[in-house]
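The block underneath contains the structure these notes are about, expressed in structure tokens.
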Amino acid sequence: MKELLQVLTPGERDWRIASSLDPKRLPAHIAIIMDGNGRWARQRNYPRIMGHKAGVDPVRTVVETCAQLGLEALTLYAFSVENWKRPRHEIEGLWRLLRFYLRRELPNLMRNDIQLVAIGRLESLPAQVQTELQSVMNKTAQNRGMRLNLAINYGGRTELVDAVNAMLDNARLEGNLDALEITQEGIAEHLYTAGLKDPDLLIRTSGEMRISNFLLWQIAYAELYVTDTLWPDFTRTELLEAISNYQQRERRFGGLTRSAVLEPAAIVLEQEQLEAPLAG
Ligand code: IPE
Ligand code: IPE
Ligand code: MG
């Protein structure tokens, strides 16, 4: 948080929003569905790939700002297991952009002490993409600041299938398949996000009110923030506004607010009270 305030100019808009945030209640983990690149391009009569190209800079801004805020983790949805349905030229363009991003951003990741981890079924990606991802993962593996998960060929359901299969494989290897117990902790430990807190805040750009197979397990109690802004237009200001909005939410996790717990007239209903009609 301090780091972000140091790079902002006192009095300007982002500085004002950032300084109004409560540093003790920042989300530990933010997840973002970066959507709307195609529509951004269409609005300008550009080919779709230009929208994806325009989406690279907001990635840099968001990654840098989250690191400066001191978040533990940021998870970005870059390519879903369903995105293979798109035309081949668009998909190939996306791999080119990803490689460009990795090469350009490595120095920034190092400077900001960010560890990059690609999550998803990486084995199905083109060999060159796998090699470059692996290289950036290795180079940033010792960084201890923020963890940046890039979800690539990612699906929430395939992640759960992979987790369960990993549990089965381990149990088989250890020869205790019969004794294998499935627990929530066990599943969480075998997800790609093992060891990380669940996202506190899930942002989706471009106004779509759906999850699109993203982090199905981990977002059980995430606060949702959907904005009509298309991803290429997403700014640091809007990220800070989303966090400010998050801080105004009341997270109950199925429990009650303090005032409701302290309700003075709490009673246990007796049989005749159960049967009596409600007054009014
Ligand atoms: C999100 O933008 C990026 C990826 C899915 C790779 P879209 O390409 O889905 O953009 P729209 O939804 O068509 O506008
Ligand atoms: C979700 O966006 C995937 C990514 C942002 C990478 P999509 O554009 O693929 O989602 P749908 O098809 O609108 O649900
Ligand atoms: Mg889309």
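The values are calculated or read from the model by the stated rules, or taken from the named source; none is laboratory data. Keep in mind that what you see is a predicted model, and the values were worked out from it rather than measured. We place every Cβ from the backbone using ideal geometry, glycine too, and count neighbours over all the protein chains shown. SASA here: full protein model, heavy atoms, side chains in, ligands and nucleic acids out. Shrake-Rupley method; radii C 1.70, N 1.55, O 1.52, S 1.80 Å.
The table below lists the values:
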read-out: Selection from the range 25-59 of residues that are basic (K, R) and away from ligand 3 (no atom under 14 Å from the Cβ); value: R25, R44, K53
read-out: Whichever residue in the range 34-63 is assigned to a loop (DSSP other than H, G, I, E, B) and either more than 10 Å from ligand 1 (Cβ to nearest atom) or acidic (D, E) (or both) and, among such residues, is most open to solvent (accessible area, probe 1.4 Å); value: N45
read-out: Residue count for the range 130-171, restricted to those that are open to solvent by less than 80 Å² (accessible area, probe 1.4 Å), out of contact with any strand residue (DSSP E or B) (no Cβ under 7 Å at 6 or more places or on another chain) and assigned to a loop (DSSP other than H, G, I, E, B); value: 1
read-out: In the range 205-234, the residues that are of a type in the set (G, A, S), closer than 20 Å to E250 by Cα and open to solvent by less than 60 Å² (accessible area, probe 1.4 Å); value: A222
read-out: Near pairs, Cβ below 8 angstrom, 6+ apart or cross-chain, from the range 118-143 (in contact (Cβ under 8 Å) with a residue 60 or more places away in the chain) to any residue that is small (G, A, S); value: I119/A151; G120/A151; G120/G155
read-out: Qualifying positions in the range 66-96 - surrounded by fewer than 17 Cβ atoms within 10 Å (Cβ to Cβ), within 20 Å of the chain's Cα centre (by Cα) and within 16 Å of ligand 3 (Cβ to nearest atom); value: E82
read-out: Residue list for the range 7-33, restricted to those being open to solvent by 70 Å² or more (accessible area, probe 1.4 Å), more than 19 Å from the chain's Cα centre (by Cα) and either within 30 Å of A220 (Cβ to Cβ) or in contact (Cβ under 8 Å) with a residue 12 or more places away in the chain (or both); value: V7, R13, S20, P23, K24
read-out: Which numbered condition Y46 misses (of (1) more than 16 Å from ligand 2 (Cβ to nearest atom); (2) in contact (Cβ under 8 Å) with a residue 12 or more places away in the chain); value: (2)
read-out: Tally of residues being closer than 21 Å to A166 by Cβ and within 16 Å of ligand 3 (Cβ to nearest atom) across the range 187-222; value: 2
read-out: Single condition L202 does not satisfy, out of (1) crowded, with 18+ Cβ neighbours inside 10 Å; (2) touching a helix residue (DSSP H, G or I) at 6+ places or on another chain (Cβ under 7 Å); value: (2)
read-out: Condition check for R249: of a type in the set (K, R) and without any contact (Cβ under 8 Å) to a residue 24 or more places away in the chain; value: no
read-out: Elements of type helices (runs of 4 or more DSSP H) in the range 172-280, at least 3 residues being more than 24 Å from the chain's Cα centre (by Cα); value: 258-261, 271-275
read-out: Residue in the range 65-83 that is over 30 Å from R251 (Cα atoms) and hydrophobic (A, V, I, L, M, F, W, C) present; value: yes
read-out: Search result, residues across the range 222-274 that are at pLDDT 95 or above and of a type in the set (S, T, Y); value: Y225, T227, T229, T235, T237, S244, Y246
